[in-house]
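To start, the structure itself, in structure tokens.
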Amino acid sequence: MSVIISICLLVYVNQYERRGSDVTMQCGSLESDASVSWKVNGTDIEAQHQLNGPKLILTQVDLDHNGLYSCFQNPHGERRDTIFLHIGIPPQEPKVTCRSNTYPKGFYCSWHLTHPTYIPSSFEVDVQHNQHSLYVQKDPVHKNRCHVQFPEVFSSSPYKVNVTAVNALGKASATLSFEESAIVKPDPPERVTASPIRLNPRRLEVSWHSPATWPDIDTFPLKYFLRYRPLIHDKWQHVELLDSTSHTITDAYAGKEYIIQIAAKDTEIGTWSDWSVAVHATPWIEDPLPITTTTEVDFPNETKTSPIPSSKAPQKAEPPVGRAARVVTFFSPLLLGMMLLFMW
């Protein structure tokens, strides 16, 4: 296939050919007995290519044959034609997926080719519902994506999306049919946080927000699926929550760092979202008490007494002094005086 292009007064023809085929390029409208020479990207053509009058024949072309070919009429070397050769393959059926992350406003469809074509390809999209064509809006950021509004909510009629890939060597189509409820899939929850709870070494407080792309959380509430595990383990623990954006983990291992993620789903239809961005948290750890070190200081000429007597040198016990003995000792001078008086 050939397309004529004019850039900066240089006129050349775009010629697209299938990879692996034999290619013939014609030098303008010269007669079959004309003598010509060829260059590719300014370099003389290699000898293995065939020349047949004004025609250049390339066999089993591959990607390295891409380039700008110019032909010149002998004997004066006047340029007669310029051809830009593009080697590629026709497109195969595109792979199409559709999803509603803004339910019930609408859905989007995206597509891609599973094999490269090596030449530019475009896509034609048609969406049908109840035998009516729906308006298709191209995504301003993603090249292979379009947006469609739901014409009605809770419809049981299937949608049919047809995507056709087209390039200079051919085209191929793929059709996807689905019901509204089958493609509902929210985006992951946002702003997930996990914090320790003071004086609770086995608890973590987790909170999050519903995805900002979900347009009507009150009319179409979401449920959530929380998973968590310590980094030292591979096994997840799971909790399913209805219409709640917080949860307290009560069975965490004390002092172990945890990884936590949340997924969301419409309470009635559709599938679970992808997991949220992982957050990390460690339960509360009690601050250790400060360690106090006491150092004994020996003073000169000071006698120290051991609080525990040595078993090798037991101390000699002193006889106990009772109350009566103390009274006798106190009154002994008085008694001596009275005895002397009676003796007289």
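Miscellaneous remarks
- Of LYS95/LYS235; LYS185/LYS256; LYS95/LYS265; LYS39/LYS138, pairs whose Cα-Cα distance is over 31 Å: LYS95/LYS235; LYS185/LYS256; LYS39/LYS138
- Here the gap between TYR253 and GLU205, fully extended at 0.36 nm per residue and compared with their Cα-Cα distance, gives a gain of 15.9 nm.
- At most 15 other Cβ within 10 Å, DSSP loop - chymotrypsin sites (Phe, Trp or Tyr not before Pro), the stretch 193-250: TRP236
- Cα gyration tensor shape for the stretch 69-216, rounded if a/c is under 1.5, else prolate or oblate: oblate
- For SER246, the accessible surface of its heavy atoms amounts to roughly 50 Å² (probe 1.4 Å, protein chains only, rounded to the nearest 10).
- In Hz, Karplus ³J(HN,Hα) per residue of the stretch 263-275 (6.51, -1.76, 1.60; θ = phi - 60°; x = Gly, Pro): 10, 10, 7, 4, 5, 10, 10, x, 10, 6, 6, 5, 6
- Loop-located GluC sites (Glu not before Pro) in the stretch 204-285 (DSSP state not H, G, I, E or B) with no more than 15 neighbouring Cβ atoms inside 10 Å: GLU257, GLU268.
- Couplings for the stretch 72-86, taken from phi via the Karplus curve 6.51 cos²θ - 1.76 cosθ + 1.60 with θ = phi - 60°, read 10, 8, 7, x, 8, x, 7, 5, 10, 7, 9, 10, 9, 8, 10 Hz in order; Gly and Pro are left as x.
- Apportionment of accessible area to carbon and sulfur, the stretch 13-88, percent (1.4 Å): 42 percent
The values are calculated or read from the model by the stated rules, or taken from the named source; none is laboratory data. Since the structure is predicted, the reported quantities are computational estimates derived from the model, not experimental observations. Methodologically, a virtual Cβ is constructed for each residue, glycine included, from the backbone with ideal geometry; neighbour enumeration extends over all protein chains shown. To get the accessible areas, we keep the full protein, side chains included, count just its heavy atoms, and leave off ligands, DNA and RNA. Shrake-Rupley method; radii C 1.70, N 1.55, O 1.52, S 1.80 Å.
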